[in-house]
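Below is one structure; the comments refer to it alone.
The values are calculated or read from the model by the stated rules, or taken from the named source; none is laboratory data. Only a predicted model underlies this, so the values are computations on that prediction, with no experimental measurement involved. Quick reminder, even Gly has a Cβ in these numbers, built from the backbone with ideal geometry, and neighbours come from all protein chains shown.
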Amino acid sequence: MPSIFGGTAAPVILAQAQAPASLSPLARSAQGPVSSTVSRNGGVASCVDAANVGDMSEHSERSVVVERTSSGQFVATNARGGSISFGTSSASDQNIGFTPVELFLAAIGGCTAVDVDVATGRHAEPTRFSVTVTGDKVSDDLGNHMTNLKAAFTVQFPDDEGAERARAILPRAVQASHDRLCTVSRTVEIGTPVTTTVNNT
């Protein structure tokens with residue numbers, strides 16, 4: 001593969017994270033190693049990443065409210081009043097919306113994209129910045145879940161001042177997002193339990 005620096009650029013393995021030993025056997029069995037790689041070609045950097053846990057504080061809680069709007073259709077509203085519709089309906093007028101799994105993939109891609117954009121964008125404005133997030137939905141002894149989660153960055157910078165610095169920072173920015181910063185994918189990799197309850201009405 002030609003390199004923007006001349007010669008050939010082979011993929012560089014950035015990280016391979018195993019499930020923490022403190023997880024239960026069930027949680028560990030649901031997780032696999034997640035690797036991050038970077039390759040460059042003609043000014044385009046392509047990074048593969050997949051799925052911050054800090055101290056609890058009075059400002060740590062995040063929340064959304066999900067409400068049913070019709071059969072198979074829902075709307076999620078955040079504390080600031082923003083909303084997004086989604087569902088599972090296959091009706092012809094509703095089949096272009098997001099499913100919950102697609103929102104999950106978008107959350108992974110969006111979270112790590114923000115991290116990387118903050119780090120690289122201060123040096124050069126990208127001419128192209130996209131993240132393609134993929135995974136396999138499976139059903140096994142653990143129930144329904146996603147495997148083989150990958151987020152592929154494709155980022156281009158113009159040939160102007162700061163672009164070379166942005167390209168150099170890109171792999172480290174993806175690494176930092178993968179290892180520490182992306183709250184969504186870190187939560188997936190750590191294996192945080194989800195508690196469900198039924199409120200009395």
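For region 151-195, a tally of residues being in a helix (DSSP H, G or I), more than 16 Å from G121 (Cβ to Cβ) and not aliphatic (A, V, I, L, M) returns 9.
For (1) within 10 Å of the chain's Cα centre (by Cα); (2) over 19 Å from E189 (Cα atoms), each residue gets a yes or a no:
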| position | (1), (2) |
| --- | --- |
| L105 | yes, no |
| G109 | yes, no |
| A119 | no, yes |
| R122 | no, yes |
| T127 | no, yes |
| T132 | yes, no |
| G143 | no, no |
| N148 | no, no |
| D160 | no, yes |
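Of a type in the set (D, E, K, R) and in contact with a helix residue (DSSP H, G or I) (Cβ under 7 Å, 6 or more places away or on another chain), is that true of D115? When the stated conditions are applied, D115 passes them.
So which of K150, K137 ends up being of a type in the set (K, R), surrounded by 14 or more Cβ atoms within 10 Å (Cβ to Cβ) and closer than 17 Å to E102 by Cα? Checking each option against the conditions leaves just K150. Of the set (1) of a type outside the set (D, E, K, R); (2) farther than 30 Å from V66 by Cβ; (3) more than 20 Å from the chain's Cα centre (by Cα), all apply to Q175 but (3).
In region 50-91, of all residues being hydrophobic (A, V, I, L, M, F, W, C) and in a loop (DSSP other than H, G, I, E, B), the one that is modelled with the highest pLDDT corresponds to A79.
Picking from residues in region 168-198 that are more than 22 Å from I108 (Cα to Cα) and of a type outside the set (S, T, N, Q), the one that is surrounded by the fewest Cβ atoms within 10 Å (Cβ to Cβ) is V198.
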